[in-house]
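Here's the structure we're looking at; comments come further down.
The values are calculated or read from the model by the stated rules, or taken from the named source; none is laboratory data. All figures in this text were calculated on a predicted structure; none of them were measured in a lab. Note that we place each Cβ from the backbone using ideal geometry, even for glycine, and neighbour counts take in every protein chain shown.
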Amino acid sequence: MQILLLSCRFPVALYISHIDIDKGEPSDTVIKILRKRKLEIESKIKHLEMIQGVINRMAHDSFLLKEWSVILVSALFVLAAKDSNIYFILLAYFPALAFWILDGYFLWQERLFRKLYDKVRKMNEADIDFSMDTSDFVGDVESWCKVTFSKTLRLFYGVIVGTILIVMVIAIFSVC
């Protein structure tokens with residue numbers, strides 16, 4: 001006779017035929033199967049949590065790069081205005097472009113880890129190996145260069161670079 005058993009922590013249905021109906025207790029075999037299944041499910045959940053943690057860190061780092069880009073460019077503008085030195089304005093290109101490239105890298109890595117997350121999500125629990133290798137997905141995701149020039153990054157950093165250019169032109173014409 002088959003009876004449906006549900007795991008307490010995770011809704012997983014198992015059909016087991018080794019339950020002694022008279023005693024109302026599962027056999028040792030059933031308990032071992034349930035424990036193994038529970039460990040497999042917990043392993044999958046932990047692996048997904050690890051990957052999600054990396055994705056969250058990438059997103060947070062991307063935010064910090066944007067924040068620091070604005071702060072450093074603004075600080076260089078202040079120095080340029082204070083000392084009337086156009087070289088500070090030229091120097092503002094360096095953090096803007098460097099952070100743009102780094103932000104593109106973080107976004108590219110985030111997309112790779114999202115592909116890994118999707119793969120692990122669809123995996124059988126018994127096949128979980130806790131691999132964090134994203135090299136299998138490089139062909140599935142746009143290249144680092146394309147991601148760096150994606151619409152959102154182009155818009156954000158384009159505004160920063162455009163602002164630097166406008167401030168530089170204003171500074172040049174105000175000196176003349």
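Which residue is surrounded by the most Cβ atoms within 10 Å (Cβ to Cβ), if the candidates are limited to region 66-90 and must be aromatic (F, W, Y) and in contact with a Phe, Trp or Tyr (Cβ under 9 Å, 6 or more places away or on another chain)?
Only one residue fits best here, namely F88.
For residues that are free of Cβ contacts under 8 Å to residues at least 60 places away in the same chain and more than 20 Å from R114 (Cβ to Cβ), tally how many sit in region 40-73.
The number of residues fulfilling the criteria is 5.
Just to check your reading of the model, which residue among V54, V78 is closer than 24 Å to F106 by Cα and β-branched (V, I, T)?
V54
Filter region 25-39 down to the residues that are part of a helix (DSSP H, G or I) and buried (at least 16 other Cβ atoms within 10 Å of the Cβ) and list them by number.
The answer is V30, I33, L34, R37, K38.
Test each condition in (1) at pLDDT below 95; (2) among the charged types (D, E, K, R); (3) closer than 25 Å to H60 by Cα for D129 and report the one that comes out false.
Condition (3) is where D129 drops out.
Could you count how many residues in region 127-176 are free of Cβ contacts under 8 Å to residues at least 60 places away in the same chain and not polar (S, T, N, Q)?
Result for region 127-176: 28.
Are any of the residues in region 91-102 outside any helix (DSSP H, G or I), buried (at least 17 other Cβ atoms within 10 Å of the Cβ), touching a residue at least 40 places away in the same chain (Cβ under 8 Å) and not polar (S, T, N, Q)?
yes
Does region 40-54 contain any residue that is farther than 30 Å from V169 by Cα, of a type in the set (S, T, Y) and modelled with pLDDT under 95?
Yes: region 40-54 contains one or more residues that are farther than 30 Å from V169 by Cα, of a type in the set (S, T, Y) and modelled with pLDDT under 95.
Suppose we keep only residues that are among the hydrophobic types (A, V, I, L, M, F, W, C) and farther than 26 Å from L102 by Cβ within region 119-150. Which one would you say is nearest to the chain's Cα centre (by Cα)?
Among those residues, the one meeting the criterion is V120.
Within region 2-23, does at least one residue satisfy the condition of being modelled with pLDDT of 90 or more, surrounded by 14 or more Cβ atoms within 10 Å (Cβ to Cβ) and either under 27 Å from D118 (Cα atoms) or within 25 Å of the chain's Cα centre (by Cα) (or both)?
No: zero hits.
For region 120-153, how many residues meet the condition of being surrounded by 14 or more Cβ atoms within 10 Å (Cβ to Cβ), assigned to a helix (DSSP H, G or I) and not hydrophobic (A, V, I, L, M, F, W, C)?
Qualifying residue count, region 120-153: 2.
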